[in-house]
Each structure stands twice: as structure tokens, then as C-alpha cells.
């Protein structure tokens, strides 16, 4: 029964895309390459409950606020779940290497508090952070 329902739904969606002029067209948006950085707990990470750990997080948040003014940082925030990722950053820079150099210059990464993982992805052009 579940399989039949799923197949029916899939065929309906496919039919909507196959019929010209029948489905509402999405507005065309120019796409742009962004780079997302996941700041994972590094080898020298301290728990959130420790004074040092909280101090480091506050320094990261202050650095994020300053970075937003440069225009290179599109968005950033804390991850609020049980994972080894603490922060997510989205940069508007030309290359993955540029994103790597930016994040590797951060004192919290240099010290081993965080270990970065970087991905490149396409999203609509014009993503911005409130300054």
C-alpha cells in the first residue's frame, strides 16, 4: 500500500513537469557559488560548560559580527543539536581555497579548538547578512 501511494505521488509529480504550460513556472534566478564552512569540535575543543569554552565561543561570535561588515560573510550561526559541528559559516568568496585561507587564519582554528570542513554550493545570487 505504501509503495503504491509513493509510486502514484511520483508519477503525478512527473506528469506535472512533463505537461508544458500546465505547471506554474518558477521564477528564474541567477545562481552563484558560495562556500559553507562547518566548524567542528577540534582536538583542543573544550565543553560548552567550561569557562574557556564559553569564552572562545563569544570571541567567535564577535569575529562573526566584524566579518559581516566586510561583505565576505553571508551568514553564520551556532548549531543547536547533538553533533560535533558548533558553527556554520557561509562565505561569498571566489574559490574554496579563499574560504580555506579565511577560516584557517582564525585563532580558534589555529589553536585546534575547531576543525573546519568546507563545501562549495550554488544558491540564488544576493544572499546577505544583516549588518
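Laid out as a table, the results:
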| quantity | calculated |
| --- | --- |
| Subset of segment 86-128 [closer than 13 Å to residue 60 by Cβ and surrounded by 14 or more Cβ atoms within 10 Å (Cβ to Cβ)] | 86, 87, 88, 89, 103, 106, 108, 109, 113, 114, 116 |
| Matching residues, segment 80-107, being touching a residue at least 24 places away in the same chain (Cβ under 8 Å), over 17 Å from residue 122 (Cβ atoms) and assigned to a loop (DSSP other than H, G, I, E, B) | 84, 106 |
| Selection count where residues are at pLDDT 90 or above and more than 12 Å from residue 36 (Cα to Cα), scope segment 84-96 | 3 |
| Residue, surrounded by the fewest Cβ atoms within 10 Å (Cβ to Cβ), within segment 68-79, restricted to residues that are touching a helix residue (DSSP H, G or I) at 6+ places or on another chain (Cβ under 9 Å) and without any contact (Cβ under 8 Å) to a residue 24 or more places away in the chain | 77 |
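The values are calculated or read from the model by the stated rules, or taken from the named source; none is laboratory data. If you're wondering where the values come from, they're calculated on a predicted model, not measured in any experiment. Quick reminder, even Gly has a Cβ in these numbers, built from the backbone with ideal geometry, and neighbours come from all protein chains shown.
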